[in-house]
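K.L.:
After the structure tokens below, expect a handful of questions from me.
Values in this text are rule-based calculations from the coordinates and carry no lab data. Just so it is clear, the structure is predicted and the values come from calculations on it, not from any experiment. Don't worry about glycine lacking a Cβ; one is built from the backbone with ideal geometry, like all the others, and counts go over all protein chains shown.
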């Protein structure tokens, strides 16, 4: 469990470091090349959620995000998800979700910076968003292909039952 907590902290630190770099080197709306022709840094302040949905609903987004992060933390801490793929997915989602939650609480908006030059209409996003999307994809794969075999109700036993079976 300590490794999971350290990993989450590392993900949050990576996200916050890139956001700090962006804010300290670019003014709002300014761009800088990252991978020319593919991705540029573009400093944007997102006052909503994905694709600026729920823009201006800061407190609703804070409450909903905090609640979802709490539920995922419980799944992780109570070891309701035990398979490494499921655990990795939860760690990624928690790291990204908390990274964006920090911005929303501290600044009132989320700092975004990655912009696809080849797809100008695609929303600008950040490191935390990458973690959340990767985590959700991994969690879907885990749930669709591994959950019933590893962590499903029929495969669960109480810790006391496992201990008794070993005696």
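K.L.:
Taking the Kirkwood radius as the inverse of the mean 1/r across Cα pairs, report the Rg/Rh of the stretch 1-120.
P.N.:
Rg/Rh: 1.02.
K.L.:
Which order do 131, 118, 145, 139 fall in if you start with the one that has the fewest other Cβ atoms within 10 Å? Walk me through the numbers before you get to the answer.
P.N.:
Details: 131 25, 118 8, 145 12, 139 20.
In increasing order of surrounding Cβ atoms, one gets 118, 145, 139, 131.
K.L.:
In what order do 22, 65, 31 fall by count of nearby beta-carbon atoms within 10 Å, going from fewest to most?
P.N.:
The fewest-first ordering by Cβ neighbours comes to 31, 65, 22.
K.L.:
Can you tell me the 0 to 90 degree angle between the C-alpha axis of helix 58-77 and the longest principal axis of the chain, rounded to 10?
P.N.:
Orientation of helix 58-77: about 30 degrees from the principal axis.
K.L.:
For helix 84-107, report the angle its Cα long axis makes with the longest principal axis of the Cα atoms of the chain; keep it between 0 and 90° and round to the nearest 10°.
P.N.:
The angle comes out at about 40 degrees.
K.L.:
Right, next: Mind giving me the nanometre distance, one decimal, between the label points for residue 71 and residue 102, set 7 Å out from Cα along Cα→Cβ?
P.N.:
Computed distance between label sites residue 71 and residue 102 equals 2.4 nm.
K.L.:
For the stretch 95-128 and the stretch 61-78, what is the separation of their C-alpha centers, rounded to whole Å?
P.N.:
The two parts, judged by their Cα centres, are 19 Å apart.
K.L.:
Please give the calculated 222 nm ellipticity per residue for the chain, where each DSSP H segment of at least 4 residues contributes -39500 (n - 2.57) and the sum is spread over every residue; nearest 500 deg cm²/dmol?
P.N.:
-20000 deg cm²/dmol
K.L.:
So what's the angle, to the nearest 10 degrees on a 0 to 90 scale, between helix 2-25 and the longest Cα principal axis of the chain?
P.N.:
Long axis of 2-25 versus the principal axis of the chain: about 0 degrees.
K.L.:
Please express the shape of the stretch 50-106 as an equivalent ellipsoid: the semi-axes are the square roots of 5 times the eigenvalues of the C-alpha gyration tensor, given largest first in whole angstrom. Write out the running numbers ahead of the final one.
P.N.:
Values: eigenvalues 121, 24, 16 Å².
After scaling each eigenvalue by five and taking roots: 25, 11, 9 Å.
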